[in-house]
Amino acid sequence: MTSLHTALLQSSGRPGDVAHNLRVLDDAARAAAATGAGLLACPELFLTGYAIGGDVHRLAETADGDSAQAIGKIAAEHGIAVLYGYPERAAQDEPDSAAVYNSAQLIGPGGERLANYRKTHLFGCFEREWFTPGEQTVVQAELSGVRIGVMICYDVEFPENVRAHALAGTDLLLVPTAQMHPFQFVAESVIPVRAFENQMYVAYVNRVGAEGEFEFVGLSCLAGPDGVVRTRAGRTEQLVRAEVDPVFLKESRADNPYLHDRRPELYGPLT
C-alpha cells in the first residue's frame, strides 16, 4: 500500500473566465505531477468562479461537457487525477433538465471520469438562488488503492455527512470549498476534528482573496486521522502538498475506538 501524494491548489483563478482557469489548472497539474503527486484538488466552483451571479447558468456545463473533456486531457497528459468544482447543468434526460448544481468532479489520471458530486447543503441566499441541492450524500471512487469521497464546503460542517462517509469506508475526503470571512475557524479547527472523529484524511481546498461581496480566507489544509494537519496554505495563492498514507490510516483506525464504540440504536431520535 503506497502513499497517495496529494496536491491542493489554493486559487480563485479568474472569475467568469473558464479558459483562463483551465490554463491555471494545467499549470498546477504540471507542477504537482513534477513533485510526484497523484492527485490535484481544486476549490469549489474553480472552473467558473464563485461570485458570478447570473453567469452561473450561462457557464454551467453537463458533467461530460467541453470542460470535462479538456480536464480529462490535462489529467492524462500529466498522469495525475484532478478534482475540480464547477456549475453542473443537468443532463437532458434528467427530470429537471433546467437545474444547475454546485458540483465537483473527479477525473482519473487517464482522463476518465471517476465521480461526480452535487452539493447537498447550499449555503446562504446566493447559493439557494442559483443552485439546486443534490440528493446523494456519499459519492466515492477508487484511486491508487485509496477510497476517495467527495463533498463541498458547507457539507462538511454537518457531522452526519462525514460520518456517513466514515461508515462507507472513505479513506480520503476531498472538500473543495469557498470558505469566507469570518468563518475561518472551520479550516483551522473543524476540519482536523472531522478527520480525527471519523478516522480519515480530509483535504479542504479553499478559494482566496476578494470576489464580489465575499472575502475568501484561504487556509487550505490536509488533516490526518490523528487530527494533525499535514500541510496548510496561508492567505495567498499556493500549491501545497502532503501524503495520504494508507498504512498509517489502517493503524490509526485500529487504535481509535470511535466507530467501533458507536451505539446506533440510541441515535434514532436524531433523525
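The values are calculated or read from the model by the stated rules, or taken from the named source; none is laboratory data. Computed from a predicted model, the values in this text were never measured in an experiment. Neighbour counts are summed over all protein chains in view; Cβ atoms, including those assigned to glycine, are modelled from backbone coordinates with ideal geometry. Only protein heavy atoms, including side chains, enter the accessible area calculation; ligands, DNA and RNA are left aside. Shrake-Rupley method; radii C 1.70, N 1.55, O 1.52, S 1.80 Å.
List every residue pair whose Cβ atoms sit under 7 Å apart, with the two residues 6 or more apart in sequence or on different chains, where the first one lies in segment 177-194 and is under 15 Å from R230 (Cβ atoms) and small (G, A, S) and the second, anywhere, is outside any helix (DSSP H, G or I) and open to solvent by less than 40 Å² (accessible area, probe 1.4 Å).
Every condition considered, the pairs that remain are A187/Q179; A187/Y204; A187/N206; A187/V217; A187/L219; A187/C221.
Residues that are among the hydrophobic types (A, V, I, L, M, F, W, C), surrounded by fewer than 23 Cβ atoms within 10 Å (Cβ to Cβ) and farther than 21 Å from E88 by Cβ: does segment 169-183 have at least one?
Yes, the conditions are met somewhere in segment 169-183.
Could you check segment 184-222 and list, in sequence order, the residues that are basic (K, R) and open to solvent by 10 Å² or more (accessible area, probe 1.4 Å)?
R194 - this is the single residue of segment 184-222 that is basic (K, R) and open to solvent by 10 Å² or more (accessible area, probe 1.4 Å).
Step by step: first the residues of segment 72-119, then only those that are free of Cβ contacts under 8 Å to residues at least 24 places away in the same chain and closer than 15 Å to H57 by Cβ, then the one that is most open to solvent (accessible area, probe 1.4 Å). Which residue is that?
A98
Please determine whether any residue of segment 223-237 is open to solvent by less than 10 Å² (accessible area, probe 1.4 Å), hydrophobic (A, V, I, L, M, F, W, C) and modelled with pLDDT of 95 or more.
The answer is yes; a qualifying residue exists.
Could you name every one of the strands (runs of 3 or more DSSP E) located completely within segment 1-120 that has at least 1 residues being within 18 Å of G212 (Cβ to Cβ)?
Qualifying strands (runs of 3 or more DSSP E): 81-89, 100-107.
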